[in-house]
Number of protein chains: 2
Amino acid sequence: MDSGAWLLFLVVVAVSTSGHIHSEAILRLPSESEEISRDYCDSWMLAVETNNAGTWNRVPASCVDFVAEYITGDRYRRDCDVIRNLSAAFAKSVGLAGDGRDAWVFDVDETLLSNVPYYQGVGFGSEIFNETSFDNWVDLAAAPALPAILSLYNELKELGFKIFFLTGRSEFQRNATETNLLLSGYRDWERLILRGSSDQGKPATTYKSEKRAELENEGYRIHGNSGDQWSDLWGYAVSARSFKLPNPMYYIP
Amino acid sequence: MDSGAWLLFLVVVAVSTSGHIHSEAILRLPSESEEISRDYCDSWMLAVETNNAGTWNRVPASCVDFVAEYITGDRYRRDCDVIRNLSAAFAKSVGLAGDGRDAWVFDVDETLLSNVPYYQGVGFGSEIFNETSFDNWVDLAAAPALPAILSLYNELKELGFKIFFLTGRSEFQRNATETNLLLSGYRDWERLILRGSSDQGKPATTYKSEKRAELENEGYRIHGNSGDQWSDLWGYAVSARSFKLPNPMYYIP
């Protein structure tokens, strides 16, 4: 049978225990090439999440539909919920000293805030990053919270953690970023740390390690760190436990 | 409709461009609870692969079927193939000095060799690790190679890399391990490093970092490192690029 000349349809038939038959729906099944592509993209995304792919600068053309479906769908939400629950379980296991020095660090983009509404307009990571258009989006202060992370944030606050936001965004974006965080539901964080003039051009791992080391020098114990990039989590002055959120749209070295 | 009182069937209907209809097969669709469980286990496995789950000592009961299906199925093979190709692409980009000091490090279990035949007999990681029964399995020298890694190994040899095997297995297992590696197709590795008496009880990250540092002190440049555990790859004297193979069956801190 030449698969190119056939269309496959899915017919869902429900048979009740009393023998009645009810036909539920008719859907087109994915073609063989669509299945091969989805399977490949599933493996590609695992390679990205485990950093096996190393540095990459755009989503492969064959995986744009996969990334769009993932990042706007239930699976991303479920993946974030599982990470949220693992993070909260760890946080509850920490014996807080009660001296106000037990800390948790969050990245901002694709961690506290979701830029999916922006990336929907620029091909879900299939185009090379355009700083000007992204900065215009940041100025709108319109990014929604990741629901799982807003929920985790509130739980950590209740447990007594001091919470630091550490972002690759620059100082000139402080107002827009604070406005966006407030509009999306975040309240009463300890400090928002952005790149100052002396931080420009540093790799994210270096900049973020330096800032975490400064927190440690102030006496903070960084128990947890949540980010969507390994460069949020690796380097030095690392947290006791790190939580890597999924992001198949872009990579920051 | 009470889902408990209904069975769902999948009917695949193929319609040719000439209008002929051909009914292909009838399969039972997974139940709602099976779908919820599989979705959860998919997110759990991503959390394991990115180390978000931290230390864990057995596969959750609800995910044993998922792990069994994954590790014996096409998806594991595809995930390993993608990692193999990313590893080979990186290896080809390395400018080898030609002084015989360009090195690559491989872990043994679930990297060079697959212990799936053993884990099939003990619940695919749902039982607590039993050292005695695993050691008996090692003595059989019957583990097959991971096809993707044997292929990568041979390509790296051709490119001129010196290849080191660095395993948590102990010196008393040297003969069985060498026999198994030869029987499964590996030839002409540079050195097999096992835990000696002074290495017993060390965390894997410490032991493996120490051994990599010894290689660096001998003048080797470790370009790549392949392992199924983060403890194979993290610590110090880390390679330029690390490649994390999937393993949802067990965790070594």
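Structure notes:
- Against the empirical 2.2 N^0.38 Å (N residues), the protein assembly as shown has a Cα radius of gyration ratio of 1.07.
- To the nearest ten degrees, helix A:32-49 and the longest principal axis of the Cα atoms of chain A are 10 degrees apart.
- Note that the protein assembly as shown presents 45 Å² accessible area per residue, ligands and nucleic acids not counted, probe 1.4 Å.
- Share antiparallel - DSSP beta bridges, the protein assembly as shown, percent rounded to 5: 45
- FRET efficiency, 1/(1 + (r/R0)^6) with R0 25 Å, evaluated for B:Glu190 and B:Val238 via beta carbons: 0.85
- Chain lengthening between A:Glu214 and A:Asp81 when straightened (0.36 nm per residue, less Cα-Cα): 44.8 nm
- Largest first, the residues A:Arg101, B:Arg38, B:Arg195, B:Arg212 sort by 1.4 Å accessible area into B:Arg38, A:Arg101, B:Arg195, B:Arg212.
- Net charge of neighbours whose Cβ lies under 15 Å from the Cβ of A:Asp99, counting Lys and Arg as +1 and Asp and Glu as -1: -1
- Between the beta carbons of A:Glu69 and A:Phe129, assuming R0 = 30 Å, the FRET efficiency works out to 0.90 to the nearest 0.05.
- Among the listed pairs B:Lys157/B:Lys202; A:Lys157/A:Lys244; A:Lys157/B:Lys244; A:Lys157/B:Lys202; A:Lys208/B:Lys202, those with a Cα-Cα distance over 25 Å are B:Lys157/B:Lys202; A:Lys157/B:Lys244; A:Lys157/B:Lys202; A:Lys208/B:Lys202.
- Cα shape, the stretch A:153-208, gyration tensor, a/c 1.5 rule: oblate
- Listed residues A:Gly100, B:Tyr40, A:Val82: farthest to the positive end of the dipole of the protein assembly as shown (Cβ charges): A:Gly100
- 1.4 Å probe, heavy atoms, protein only - residues of the stretch B:39-73 losing at least 40 Å² accessible area vs chain alone: B:Asp39, B:Ser43, B:Leu46, B:Thr50, B:Asn52
- The protein assembly as shown - charge dipole about Cα centre, Lys and Arg +1 at Cβ, Asp and Glu -1, debye rounded to 20: 960
- Helix B:74-93 and the longest principal axis of the C-alpha atoms of chain B enclose an angle of approximately 40°.
- Using alpha-carbon coordinates, inclination of helix A:131-140 to the longest axis of chain A, degrees: 80
- Buried surface between chains A and B: roughly 3500 Å² of accessible area, summed over both sides, computed with a 1.4 Å probe on protein heavy atoms only.
- Per atom type, the stretch A:33-244 shows carbon and sulfur on 49% of its accessible surface, probed at 1.4 Å.
- DSSP bridge analysis restricted to chain B gives an antiparallel fraction near 30%, rounded to the nearest 5.
- Charge sum, other residues only, whose C-beta stays under 10 Å from B:Tyr186's C-beta, Lys/Arg counted +1 and Asp/Glu -1: 0
- Normalised by 2.2 N^0.38 Å, with N the number of residues, the alpha-carbon radius of gyration of chain B equals 1.20.
- Free-standing Cys residues across chain B, given no other cysteine C-beta under 4.7 angstrom: B:Cys80
- Summed residue charge, Cβ within 10 Å of B:Asp199's Cβ, Lys/Arg positive, Asp/Glu negative: +2
- Candidates B:Val64, B:Val105, B:Val82, ranked by Gaussian network fluctuation over chain B, Cα under 10 Å, top entry: B:Val82
- Mean residue ellipticity (222 nm) of the protein assembly as shown, computed from DSSP H runs ≥ 4 via -39,500 (n - 2.57), nearest 500: -12000 deg cm²/dmol
- Label-to-label distance, nm, for residues given as A:Thr55 and A:Arg221 (7 Å Cα→Cβ offset): 3.7
- When +1 charges are put on Lys and Arg Cβ atoms and -1 charges on Asp and Glu Cβ atoms, the dipole computed for chain B relative to its Cα centre reaches about 700 debye.
- Projecting 7 Å from Cα along the Cα-to-Cβ direction, the label point of A:Pro60 sits 3.0 nm from its equivalents in the other copies, listed shortest first.
The values are calculated or read from the model by the stated rules, or taken from the named source; none is laboratory data. Quick caveat: nothing in here was measured; it's all calculated off a predicted structure. Cβ coordinates were reconstructed from backbone atoms using ideal geometry, including for glycine residues, and neighbour counts include every protein chain displayed. Accessible surface is based on the protein model in full, side chains and every heavy atom, while ligands, DNA and RNA are left aside. Shrake-Rupley method; radii C 1.70, N 1.55, O 1.52, S 1.80 Å.
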